[in-house]
Each structure stands twice: as structure tokens, then as C-alpha cells.
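Some notes on the structure that comes next.
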Amino acid sequence: MKHLVSLLLLASLAPVNISLAEVGGDDVLMATHTTSATGSFSSNIVATDTGILFATGQQTTFNGNEIFVYRSDDNGQTWDTWSTFSHPLQIIHYSNPSLIVTDGINDRLFLAYHASGFSQSTVRVGYTDALAATPSWTFTDVDVDNLGNHRDLALTSDSKTFNSYYLYFAFTKWNGTGYDMYFARSTDQGSTWETPYAVMSTAGISYTHPDLDYGTRLHLVAQSSNAGDTATRYRNAGFRVLNSGSWNAEIVHGSETDGIDQLNARVAANGSDLSAMVAWNQNENIHWRSTTDAGNTWTPAAVSNGYLLYGLASNSDSYAMAIKPSGILGIYISEPTSSDLQGLWLTTPMIGGPNDWISGSGTAGLSFNPSENEEWMATIWYDPSYAGDPGFYFDGEWRGGPGYPNWETEPINHPSLATTHPALADIDGDNDLEIIYNDITGALKVIQ
């Protein structure tokens with residue numbers, strides 16, 4: 001991971017071809033996919049307070065879907081396949097993994113997924129000891145329905161706030177004409193689950209792709225559609241979601257009738273300062289809104305042209321987006337330069353390179369590592385064109401190196417040649433000066 005960053009301005013940036021060594025910095029191959037795989041994507045990455053990393057990956061083969069849980073106990077240098085969820089005859093398909101880790105009265109790793117087969121559909125949540133050398137999973141079927149009646153899901157907890165934490169689970173369920181969003185809660189660290197109920201249900205609207213995060217409130221976003229026209233819908237709930245009456249009214253970002261699609265909605269919240277953020281893709285650009293009062297009021301949308309959103313997360317004092325610049329098949333990490341989430345953001349190359357195939361928008365794992373000063377880490381499935389194998393890859397901000405597989409020279413001309421004299425300024429407000437210059441692509445570069 002290099003400490004080379006570029007400014008993410010609220011304006012269009014020209015696409016550039018960039019070297020693999022520039023984008024990434026010693027990307028780690030976590031696992032390759034099998035020769036029969038027809039598609040793969042990564043989902044979540046999480047870390048315990050002690051620095052054990054876990055990530056999920058889903059693989060689609062000609063016969064069905066499988067889920068993998070990967071583990072690293074050396075800060076991402078090496079990875080093992082810790083758990084596999086598949087059926088020997090591919091009769092049951094496993095998909096949509098959602099992975100979280102909790103630190104509290106029970107240090108547990110939780111996995112939610114969708115299982116379909118044998119004429120029924122099940123959404124399931126399980127846990128195992130996050131600190132154990134080998135997993136021993138205990139699962140609960142939160143909802144069982146007819147085959148095809150579940151689709152997407154999301155899982156989170158309030159363990160950042162409470163030692164005796166709760167779990168919160170959202171999933172979609174077919175109502176005969178579209179999907180409603182259902183919600184369930186566990187108040188005993190996943191041992192039992194309350195009866196699910198519909199939390200987003202509007203005539204003529206279908207809800208998919210939920211995302212959850214907990215600050216001082218629980219925040220929920222979903223993609224909503226009407227005859228193919230999509231928007232972003234948001235709700236929050238207080239009192240640890242005591243019951244269905246704890247939810248505030250839905251807020252619609254955009255419209256299901258304006259002919260403009262909003263895709264891949266994400267939400268993140270920070271309990272220390274009541275802030276939260278909602279982001280989505282619209283017309284190949286990232287749009288986002290933020291709140292400083294736990295979701296009661298929201299800013300107008302900010303826009304960054306020429307980027308796609310792959311992930312959104314928060315740590316104890318800041319936020320980050322995993323993004324893909326237009327024309328560059330690599331994943332960047334973007335962070336705000338101040339507490340003003342609608343202002344300037346800085347972007348740092350993370351994973352991938354030119355001419356690679358990277359899985360679709362919204363499929364990157366993004367989180368922070370508590371044992372590395374809460375620095376950001378990410379996972380993605382991609383196919384390197386210059387070196388290495390197609391599969392699941394990882395990188396973290398604390399890692400160094402010139403690029404996969406630790407090249408000493410660039411495979412193509414470096415695009416970051418300076419075309420202006422350098423200037424010094426404290427861009428990120430940390431009392432250390434950064435070097436600022438323009439490169440040959442016209443981008444403004446900052447070296448920390």
C-alpha cells in the first residue's frame with residue numbers, strides 16, 4: 001500500500017491508464033477460484049481487536065453457489081480457507097454472505113447467508129468463537145419460506161456501543177408482486193431471534209439490497225424500485241429497536257418515477273458524534289448525503305463524477321469509501337479530509353490494476369483493523385492481467401511494497417510524473433505537511 005493519494009473533487013476527473021504497481025501495493029492473493037467457476041465476488045472483511053482478520057467470498061459455479069470464510073492471523077500476509085458452505089451435490093445453493101465480528105461478553109464471528117434448495121428458501125445466522133483456531137458454527141434459521149422467496153440480506157450489531165450487544169438482521173421477502181424488507185433482532189448475542197416483521201413495505205415498491213449500521217441508532221438503507229426505476233430509501237430506529245414502533249418514517253433519496261436509477265446504496269454511522277452517511281451510485285457517479293444528528297436531518301447530496309461506489313464503512317472517528325475511478329480497473333480508498341463529510345475527500349490506490357476484470361459495483365469488502373491504528377483494509381475478486389491468478393485479493397493501508405508480485409519496476413510508463421513545481425501544505429489537518437503537485441494526467445497528487 002503506497003502513501004500516494006489524489007484529491008477526489010466534486011467534479012469529473014479524466015480517466016487515466018495506470019500501472020498495476022501504482023494501483024494496489026503488494027495485493028495478497030487470498031484464494032483462487034476453481035476452473036468451473038463462472039463468477040465470484042467478495043463481500044465482507046472484518047477484524048477482531050487482537051488483529052485476526054476474516055473475510056467472505058462467494059463463488060458461482062455451473063452447478064450452484066458456495067460460500068467461503070477466510071482467516072488470517074498475521075495481519076493479512078497469509079490466508080487460510082477457514083469454513084466452506086456448499087452441498088456435495090449442489091442441491092442447496094449458498095449465497096449473499098454477510099459477516100461481522102463482535103467484541104463484548106461473547107467474542108464471536110457471525111455469518112448470515114441465504115440457502116435455497118429442496119423446495120424452500122432459508123435466511124440463516126450463525127456464530128462461532130472468533131478467537132478459536134478452528135470454527136464450531138451454531139446456526140439459527142431466522143426465516144423459512146417457499147423456494148425463491150428470499151433474496152438479499154444484511155447483518156450488524158451494536159457491539160461498538162454495548163458490551164451486552166444485540167444483533168440486527170434485514171432481509172428481503174417476496175410478497176407476490178415484489179419484495180418487502182423484513183427485520184429481526186437478537187438480544188442474546190445470536191442464541192435466539194425474535195419473530196421477523198416487515199420494516200419497509202409500500203404498495204407498488206420492491207425493496208432489495210439492504211445495508212445496516214449502528215451508531216446511536218440503527219440505520220437501514222435499501223434500493224427501492226417501481227417498474228424498474230430505482231431510488232434509495234432510508235429508515236432509522238432508536239431504543240435498540242425495541243419494537244416496530246421504534247422506527248422513524250422512511251426517507252426517500254431520489255424517486256422511483258424520475259427515470260434516474262440509484263444503485264448500490266450503502267450506509268455507515270458513527271456513534272461518537274451522531275454522524276451517519278448514505279451513499280449510492282447514480283449515472284456512473286457517486287452521490288452521498290450525511291447527517292450530524294443521527295439521521296433526523298440530512299445535507300443535500302454531494303456528487304463525485306467519474307467514480308463508482310464499492311463499499312462504505314466507518315471507524316471510531318472517520319469514514320471511508322471503496323471506489324473505482326472511471327477508466328481504472330482498481331479499487332481506491334477515499335477518506336474525508338475533515339468532519340465535513342460533504343467536503344473534500346482524499347483517495348489512495350488499494351487493489352487492482354489496468355485491464356483487469358474486477359467484480360461488479362458493491363462487491364468490495366471494506367473495514368478497519370483495530371490492531372493497526374484502525375487503518376483501512378479491503379477485499380475484491382479480480383483477474384490480474386499482468387501477473388498472478390484470478391481470485392480473491394486483499395490489501396491494507398499498513399502494508400508496503402511496490403505491487404503484486406512485489407515488482408521493482410513498472411510494467412508500463414508511470415502516469416504520476418510531475419508537471420508542476422511541488423508545493424507544501426497541511427491538507428488533512430494532522431499538522432504534518434504534504435507534497436502537492438500536478439501529474440501528466442492533469443490530476444492533483446498529494447504525497448504524505
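The values are calculated or read from the model by the stated rules, or taken from the named source; none is laboratory data. All figures in this text were calculated on a predicted structure; none of them were measured in a lab. Every residue, glycine as well, gets a Cβ built from its backbone with ideal geometry; the counts of neighbours run over all protein chains shown.
Tabulated results
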| quantity | calculated |
| --- | --- |
| Residue 349 vs. criteria at pLDDT below 85 and buried (at least 21 other Cβ atoms within 10 Å of the Cβ) | yes |
| Inter-residue pairs, beta-carbon under 9 Å, first closer than 14 Å to residue 276 by Cα and in segment 221-239, second of a type in the set (Asp, Glu) and surrounded by fewer than 22 Cβ atoms within 10 Å (Cβ to Cβ), 6+ apart | 234/250; 235/250 |
| Of residues in segment 154-163 being over 16 Å from residue 140 (Cβ atoms) and among the hydrophobic types (A, V, I, L, M, F, W, C), the one surrounded by the most Cβ atoms within 10 Å (Cβ to Cβ) | 154 |
| Qualifying positions in segment 164-216 - β-branched (Val, Ile, Thr) and surrounded by fewer than 24 Cβ atoms within 10 Å (Cβ to Cβ) | 177, 187, 192, 195, 199, 202, 205, 208, 216 |
| Output for segment 92-107, where each listed residue is part of a strand (DSSP E or B) and out of contact with any Gly (no Cβ under 7 Å at 6 or more places or on another chain) | 94, 95, 96, 97, 98, 99, 100, 101, 102 |
| Top-ranked residue of segment 357-381 - restricted to ones that are small (Gly, Ala, Ser) and in a strand (DSSP E or B), ranked as modelled with the highest pLDDT | 367 |
| Count - residues of segment 192-222 that are farther than 18 Å from residue 313 by Cα and either in a strand (DSSP E or B) or of a type in the set (S, T, N, Q) (or both) | 11 |
| Complete set of residues in segment 267-308 that are among the charged types (D, E, K, R) and in contact with a Ser or Thr (Cβ under 6 Å, 6 or more places away or on another chain) | 289 |
| Count - residues of segment 73-91 that are outside any loop (DSSP other than H, G, I, E, B) and in contact (Cβ under 8 Å) with a residue 40 or more places away in the chain | 3 |
| From the options 6, 42, residue that is at pLDDT below 75, part of a strand (DSSP E or B) and surrounded by 23 or more Cβ atoms within 10 Å (Cβ to Cβ) | 42 |
| Scope segment 319-346; condition surrounded by fewer than 20 Cβ atoms within 10 Å (Cβ to Cβ) and closer than 27 Å to residue 157 by Cα; matching residues | 335, 338, 339, 340, 342 |
| Segments classed as strands (runs of 3 or more DSSP E), wholly inside segment 119-191, with at least 2 members that are touching a Leu at 6+ places or on another chain (Cβ under 7 Å) and among the β-branched types (Val, Ile, Thr) | 120-129 |
| Flag for residue 286 being of a type in the set (Val, Ile, Thr) and over 20 Å from the mean Cα position of the chain (by Cα) | no |
| Search result, residues across segment 64-95 that are of a type in the set (S, T, N, Q) and either farther than 18 Å from residue 121 by Cβ or touching a helix residue (DSSP H, G or I) at 6+ places or on another chain (Cβ under 6 Å) (or both) | 72, 75, 77, 78, 81, 83, 84 |
| Enumeration of residues in segment 92-103 that are in contact (Cβ under 8 Å) with a residue 40 or more places away in the chain and not charged (D, E, K, R) | 96, 97, 98, 99, 100, 101, 102 |
| Test set (1) surrounded by fewer than 18 Cβ atoms within 10 Å (Cβ to Cβ); (2) closer than 29 Å to residue 340 by Cα; (3) out of contact with any helix residue (DSSP H, G or I) (no Cβ under 8 Å at 6 or more places or on another chain) - residue 229 fails condition number | (2) |
| Subset of segment 79-115 that is of a type in the set (Val, Ile, Thr) and surrounded by fewer than 17 Cβ atoms within 10 Å (Cβ to Cβ) - its residue that is modelled with the lowest pLDDT | 91 |
| Residue check, residue 35 in a loop (DSSP other than H, G, I, E, B), at pLDDT 90 or above and not hydrophobic (A, V, I, L, M, F, W, C) | no |
| Residue that is nearest to residue 277 (Cα to Cα) [pool: residues in segment 319-340 that are assigned to a loop (DSSP other than H, G, I, E, B) and under 20 Å from the mean Cα position of the chain (by Cα)] | 326 |
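Residue-by-condition table, conditions (1) in a strand (DSSP E or B); (2) out of contact with any Cys (no Cβ under 8 Å at 6 or more places or on another chain); (3) among the polar types (S, T, N, Q); (4) crowded, with 24+ Cβ neighbours inside 10 Å:
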position	(1), (2), (3), (4)
235	yes, yes, no, no
265	yes, yes, no, yes
293	no, yes, no, no
317	no, yes, no, no
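Conditions tested, residue by residue: (1) among the hydrophobic types (A, V, I, L, M, F, W, C); (2) closer than 28 Å to residue 258 by Cα.
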{"residue": "159", "(1), (2)": "no, no"}
{"residue": "163", "(1), (2)": "no, no"}
{"residue": "166", "(1), (2)": "no, no"}
{"residue": "170", "(1), (2)": "yes, yes"}
{"residue": "177", "(1), (2)": "no, yes"}
{"residue": "196", "(1), (2)": "no, no"}
{"residue": "205", "(1), (2)": "yes, yes"}
{"residue": "219", "(1), (2)": "no, yes"}
{"residue": "226", "(1), (2)": "no, yes"}
